[in-house]
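Remarks on the structure that follows.
Laboratory data are not the source of any read-out in this text; all were calculated from the coordinates shown. Nothing here was measured: the structure is a model prediction, and the numbers come from that model. With ideal geometry, Cβ positions are generated from the backbone for all residues, glycine too; neighbour counts draw on all protein chains shown.
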Amino acid sequence: MNEAAVAPEKGRRRVFRGGMMQGVIFEIERWSLSDGPGTRTVVFLKGCPLRCQWCSNPESQSKKPQIGIFTAKCIQCGKCAEACSIDLARPAKDGGFAEGGVCAACGDCVEACPSRSRRWLGKLVDSGEVLETIRRDMVFYRKSAGGVTFSGGEPLTQPAFMKEILEGCRKVGIHTAVETCGAFNWEASEAAVRLLDFVMFDLKHMDPVRHAEITGASNKVILENAKRVAALGIPMLVRIPVITGINDDPENIRATAEFVRDHLPSAVGIEALPYHKLGLTKYAALGMEYQLHHITPPDEARMEMLRGVISEAGVACITPDTGYIPDPVQPKLKAFG
Amino acid sequence: MNGAAAQLMEQTEYTHPVNNLDSGTGADNRTRRLKNAYLDATPTICMERALAFTQSFQETEGEARTLRLAKAFRRACETITVGIFDDELIVGTHGSGRRMGALVPEISWKWLAEELTTIQTRPRDPYHIDPEHERLFREEIIPYWKGRSLEEHALARLPEDTKRIGIGRDILDTEMKWRSHVGEITPDFQDILFPRGFRAICDEAQAKLETLRYDNIDDLDKIDYYRATVEACEGIITLGRRYAAHAEALAEKETDPRRKAELMTIAANCRRVPEHPPRNFWEASQMLWFVMIGCFLSENCPAFNVGRFDMFMNPFYQADRARGALSQAFAQELINCLWIKIAEFIWLLPQNGSKYYAGYSGFTNLTVGGRNIDGSQAVNEVSFMAVEAPAQVGLPQPSLSVIIHPDTPEEFLLACCRLARKGIGFPAFHNDRVGTQMMMYAGMRPDDAREWTLLGCVVPHHRKVYEWTDAGGYNMAAALEWTLNQGRSRLTGEQLGLPTKDARHFASFEELKETFFEQVRHIMKHCAVSTIIEQKLHQEMVPRPYLSLLVEGCLESGKDLVDGGARYNVGPGWIVVGAADCANGLAAIRKNVFEENKITMDQLLKALDDDFVGHEEIHQQLRKSPKFGNDDDTVDRLVVEMTDFNDRGLSQYKDVLGQPFHSAIMGLTYNIPTGAVVGALPCGRKAGEPLAEGCSPHPGTDVSGPTATMRSEAKVNHELHPGGTLLNLKLLPSVIEGHRGLAGMAALIRSYFELGGYHCQFNVIRPETLRDAQEHPDRYRDLVVRVAGYCAIFTELSREVQNEIIRRTTHETL
């Protein structure tokens, strides 16, 4: 793939429009059952300080809106090339871009593309627009004790934008949660964090050196931030993405569990999430290399063993069967039988 | 269940020889053995019933029609093979073996004469036919019925212009009620059958006869009616006795003491019911099945419903349990046996009909949950066992429906979700509030309406109602095609619709839309014409002496169901197909042609003519336009407009009993044949592809998750469509794993119902599983899927239907 094919990024401006904060998101997913208690709407914010090799949302890493090129959808109509003012865009099936030149991500080719082969990954939106979408599923939250979850990327790279939405949620009583990698600036984020009802906190590796190797940054700030969140008394769930051969040794898992037990009093438990490769097509669309092709997801036996390690350390394991928060209603097939 | 039956039960001695069977593994094996026997049985056409009717009719020439039909019914009860199969606890077949389809020559025989050579090999729902039965058909049945079937009379009476678009065109399907009986009733077990039994009904008819006089002109029809009632009662009572005798004979020969004891109880049960009221759970189950066989012997058609099974069975269950006469496991086993018997029933259909209703289904609905007439919630122990039965039996019938109310116990809803998660398509979830509203709109008292039940797939119904819930279906997408093509079919060029103006000359979107509604009204007129003529024919030719016994009001008034004898009469329902496609198409035209001027009308029409070939950009532009099912008001409001119009347009017409027609927006597999006759549509759908199913979004176009789909769906004013509305959601198992997933499903359903949705059901299957099943049907012979409001064995469906199931949107949220 030629160089220009690496996803172009739009110049990012943070502006106030009609008194509202703007932020960059790449998706709002409605009806998720695995991103916090109950039915969740998940707002994916762009921008992440880490570069985890297994990242399943590669479009979340850059803070700016990007143009994704999805080859399979391309009908080679040439509309993109016609629309491009600097004669750089080409149909995806012809490589997506001509040789040489730098794409400024003006978006003209996306607008022109009839087949959605060229698509914006990420867009600049008002906080009010996001809040409006979140509020649409109010009835689903009420019935399930659910709410909204901010994910990413690292959502706390946009703390002011998030804070404004969180305030809006609080006004109408929507439960709020975040999925964070922990690598955020505490001073800038504290006000937003204090508005959260639930925090899902990733701990990818306990060893700072190894952490830097696999994510591009040390875990020092991350562990500090975990303790600070716990100190605020916000219920938290620690999550470990389990990647075969990278962090799935029992020692690491045990060390994580002990850290949770000893330092995070507000933690409800640990959820170990098996690595998956569902993000692969997005790597291709962004012209990015995926480095873990050779790795297979951990099997159920391995996951079971690791959950055993967590339990042994005296920390609760959270699974799809436990719910995020102890559930008063247990499934019972024959209630009277 | 009323007080009288409960009291009766308490007074009678309960004498099971097979009490408290330890049926742990035994039950399991019995259910599995019966199921395997079912799967090994080939669907077969049986002429026994047709022969009985033919011979009886030859002897009753000149008598009143209702009496002739009652005598023919009695003859069938007296002559058909009585078959008790190994392991059965509930007995009775409506033909010479398992899975028999019965030809009903008084309605229609011509199709079989034409399809006799192909029926064993046709692509959808082929049937075996025995050479002897084939001979009977040719030599005994055809010669008598030639010129005498309802079909022939209908074809002679329907106006030419209605026939032109109403037969074999898939514009409107008028065949439904002249090629099949009506069905569509729910026997009143609570208030009539269980408390009384057929002997008491017969006695009452006799007593009435004694008060009537041949010299009173008003009494003449009633005399015929009550005489027919007596014949029908004697018929079904005889059938019970024949089974009793057969079971006694089998018991005599049986060497296994356990089976011998079972057969003796079966014999005792059949001596008791259906003649007299059942006294215990087993007798009640057997009575239920005899009543259903009577239905199947009377008519060949869909939708004889069991009704609110848990409501009327629970008193027997509680009483048996209280006296220690019945274990929970044995009760479950009996329910499983009943389940398998219901699955055996087949609605025999011509080739064309099998396009619409694929899967050998009898559409026998069984409903649990909901509320009682006093408003209290109705879930009980039997409700839980009914939800357990499909999991243990795993066959596509009966259609299990559950009615959910805010007060429905959470553990019951979770049990239902657990069943749905198994991916067999059951149960169908229904909203009590909206179902009650629909019944009230159809004319019921609010308290009666609370005891509503389900009919067929998703139709709200009540045991005290007579109606034609599926008078037929019509193709709304054809109206859109005509609007854009001056009333001509895009595929054949024929002038089928009104010759409205050239679409290039529409001055505004509003004008286009009004023209569209004009074309829809044109179809609706033919819907009404065909139904009214068919109803008159049914009154003349196929009154329903046996079925009138099962519905309150007929015996009291001395009037048959067809003449308005039922306590409530509700007008006929017509099913609209393709509302979502029309709304999507109109939205795309409004946006691209009238608002943004991206496409000219001329370009659009050319692209449609060419099925988008060579117009790829226009095609993509249209596909990109807003689609119903994504919580987008710009298009969702159009769907509401289409569906509201369906109610308003149809309800202007009145049926033969003076009742307004009503609207239904459900599925069956109507969307496939109707799609086949419509060319490319402005929503981007290509020529011949299936239309959207029922009230669901067009497959693959709802891409914003189930909450968005449900919010779109809930915008439809469901209470205006007493013919039922339908929403299928396909979910991948990974999304709903664990208790988290189960609770998530339950909350999803409750939320949808709070928003005003009426029905939803889930297809929880991996697409690769379905593809594999297509390649290796032998490995998947019990893979049950929800087709469109009903369930079928996947490998028995045609390739086309299979592909359609696979194509539906998969809501994957990972």
For chain A, the longest principal axis of the Cα atoms and the Cα long axis of helix A:250-263 enclose an angle in degrees, to the nearest 10, of 70
Given the options B:697, B:276, B:46, identify the residue whose Cα lies farthest towards the positive end of the charge dipole of chain B (+1 on Cβ of Lys, Arg; -1 on Cβ of Asp, Glu). B:697
Magnitude of the charge dipole, chain B, Cβ model with Lys/Arg +1 and Asp/Glu -1, debye to 20: 620
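Please identify the GluC sites (Glu not before Pro) of the stretch A:6-107 that satisfy two criteria: DSSP loop assignment and at most 14 other Cβ atoms within 10 Å. Which are they?
A:99
Could you line up A:56, B:751 from fewest to most neighbouring Cβ atoms inside 10 Å?
Ranking A:56, B:751 by Cβ neighbours within 10 Å, fewest first, gives A:56, B:751.
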Shape verdict for the stretch B:405-556, please, from the Cα gyration tensor: rounded (a/c under 1.5), prolate (a/b greater than b/c) or oblate. oblate
In whole angstrom, the spacing between the Cα centers of the stretch B:755-777 and the stretch B:569-630 equals 27
Anchor residue B:208: lysines whose Cα lies under 20 Å away (excluding residues fewer than 8 positions away in-chain): B:71, B:222, B:559
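Hey, which of these cross-link pairs are over 32 Å Cα-Cα: A:63/A:220; B:253/B:422; A:10/A:93; A:64/A:204?
In this structure, B:253/B:422 exceed 32 Å between Cα atoms.
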Contour minus Cα-Cα distance for residue B:113 and residue B:769 (0.36 nm per residue): 232.3 nm
Considering only chain B, percent of DSSP beta bridges that pair antiparallel, nearest 5: 25
The stretch A:66-121: C-alpha gyration tensor shape, a/c 1.5 cut-off, then a/b vs b/c: rounded
Kyte-Doolittle cut-off -1.0, length cut-off 24 Å along the helix's own axis using Cα: show which whole DSSP H helices in chain B pass. B:194-211, B:220-253, B:281-298, B:328-344, B:509-541, B:633-651, B:738-755
How would you classify chain B from its alpha-carbon gyration tensor, with a ≥ b ≥ c the square roots of the eigenvalues: rounded for a/c under 1.5, else prolate if a/b is greater than b/c, otherwise oblate? prolate
On a 0 to 90 degree scale, rounded to 10, what angle separates helix A:159-172 from the longest Cα axis of chain A? 60
Based on Cβ point charges of +1 for Lys and Arg and -1 for Asp and Glu, what charge dipole magnitude is obtained for the stretch B:176-290 about its Cα centre, in debye rounded to the nearest 20? 540
Going from the alpha-carbon gyration tensor of the protein assembly as shown, what semi-axes, largest first and in whole Å, does one get by taking the root of 5 times each eigenvalue? 57, 37, 25
Counting Lys and Arg as +1 and Asp and Glu as -1, each charge on the Cβ, what is the dipole of the protein assembly as shown about the Cα centre in debye, to the nearest 20? 1620
Out of the GluC sites (Glu not before Pro) in the stretch B:190-279, which ones are loop residues according to DSSP with at most 16 other C-beta atoms within 10 Å? B:254
Rounded to the nearest 0.05, what FRET efficiency is calculated for residue B:525 and residue B:218 with R0 set to 25 Å and r the Cβ-Cβ distance? 0.10
With Cα springs under 10 Å, the Gaussian network model of chain A assigns the largest mean-square fluctuation among A:153, A:19, A:173 to A:19
Pairwise centroid distance, computed over Cα atoms, of the stretch B:320-371 with the stretch B:692-718, Å: 30
Within the stretch B:577-677, list the GluC sites (Glu not before Pro) lying in a DSSP loop whose Cβ has at most 16 other Cβ atoms in a 10 Å radius. B:596
Projected onto the charge dipole of the protein assembly as shown (unit charges on the beta-carbon of Lys, Arg, Asp and Glu, signs +1, +1, -1, -1), the Cα from B:100, B:430, B:236 with the largest positive-side position is that of B:430
Of all DSSP beta bridges in the protein assembly as shown, what percent run antiparallel (nearest 5)? 35
Excluding the sites themselves, what is the longest stretch of chain A that contains no chymotrypsin sites (Phe, Trp or Tyr not before Pro) in a DSSP loop with at most 16 other C-beta atoms within 10 Å? A:17-289
Charge dipole of chain B built from unit charges on the beta carbon (Lys, Arg +1; Asp, Glu -1), centred at mean Cα; most positive-end Cα among B:141, B:395, B:571 is B:395
To the nearest 10 degrees, the tilt of helix A:220-231 (Cα long axis) against the first principal axis of the alpha carbons of chain A is 50
Restricting things to alpha carbons, tell me how big the stretch B:326-441 is in terms of Rg and Dmax, in Å. 15.5, 47
The alpha-carbon center of the stretch A:139-178 and that of the stretch B:470-518 are separated, in whole Å, by 47
Which of the aspartates and glutamates could be linked to residue A:282 by a straight reach, that is with a Cα gap under 12 Å, when you skip same-chain ones fewer than 8 residues away? A:59
